[in-house]
Amino acid sequence: MVLNDTIGQERWLGRDGAHGVARLVRLVSPSERQPLGVEFREHRGEVRALLPWRYWFAGPQGQSRWEETVSALSVAVVDEETGGARQRAEATQPWWSGHPLAADASMMSPLPGKRARQETSWHSSVIGGNELLLVPLFSLVLLAGLFGDTVTARLAGVFSALTIVAEWGPAATKSLFSRLYYDKPNENA
């Protein structure tokens, strides 16, 4: 079985074997008995994935999505009260806070704009977050060549300046655009 999180990363879960999904545990709130999430557990009871019910199985097609998941896995389904649903003084904390797979549940939920940018940034996902700093930093050494006496020194200085602009220009443009365009308050809320 393959689960895709909010930014498209795949989570592969075995259907059988030692680490295969052996049971689905629907976590319910102790007071209201409403589903809060679903744990995919293996034979020994270890949790392999945690999905927030609200974002995966609630809404108009939620029941059919739940039934499709259960029939696709053909495993036992158990309801269990969760301790994570305890009343908290801070209403901003999700119910899964403190769960061993809290980060997993967070990635399986809609992300705030800033975090989505961090997770999907080319520099943080492909080459590493330091590349945006290190390449221009090393290019600064050769930037002094712009004021050199020889053609090769000036050429090195020009290429160094182009490297710095090529690194910081797109990153600054993307960052400004996403902050001005994507971080607008939701007018429909």
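Close Cβ contacts (under 6 Å, 6 or more residues apart or on different chains) running from residues in the range 73-99 that are at pLDDT 85 or above to residues that are surrounded by fewer than 16 Cβ atoms within 10 Å (Cβ to Cβ) and assigned to a loop (DSSP other than H, G, I, E, B) comprise Glu81/Pro30. Taking Glu42, is it within 24 Å of the chain's Cα centre (by Cα) and open to solvent by 80 Å² or more (accessible area, probe 1.4 Å)? Judged against the criteria, Glu42 is not a match. Look at the range 165-189: where a residue is among the polar types (S, T, N, Q) and a partner is surrounded by 11 or more Cβ atoms within 10 Å (Cβ to Cβ) and at pLDDT 70 or above, sitting 6+ places away or on another chain with Cβ atoms under 8 Å, you get Ser175/Arg117; Ser178/Gly113; Ser178/Arg117. Within the range 12-37, the only residue that satisfies the criterion of being open to solvent by 70 Å² or more (accessible area, probe 1.4 Å) and within 23 Å of the chain's Cα centre (by Cα) is Trp12.
Within the set Arg54, Arg48, the sole residue that is charged (D, E, K, R), surrounded by 18 or more Cβ atoms within 10 Å (Cβ to Cβ) and either under 21 Å from Leu111 (Cβ atoms) or in contact with an Asp or Glu (Cβ under 9 Å, 6 or more places away or on another chain) (or both) turns out to be Arg48. Can you say whether Ser139 is of a type outside the set (A, V, I, L, M, F, W, C), farther than 21 Å from Arg33 by Cα and modelled with pLDDT of 85 or more, as far as the supplied structure shows? Considered against the rule, which asks whether it is of a type outside the set (A, V, I, L, M, F, W, C), farther than 21 Å from Arg33 by Cα and modelled with pLDDT of 85 or more, Ser139 comes out as yes. Being open to solvent by 100 Å² or more (accessible area, probe 1.4 Å) and of a type in the set (Asp, Glu), is that true of even one residue in the range 153-175? No.
The values are calculated or read from the model by the stated rules, or taken from the named source; none is laboratory data. Every value quoted in this text rests on a predicted model; they were computed, and no experiment measured them. As a convention, Cβ positions derive from the backbone with ideal geometry for all residues, glycine included, and neighbour counts pool all protein chains shown. Remember, those area values only see protein heavy atoms, side chains included, never the ligands or the DNA or RNA. Shrake-Rupley method; radii C 1.70, N 1.55, O 1.52, S 1.80 Å.
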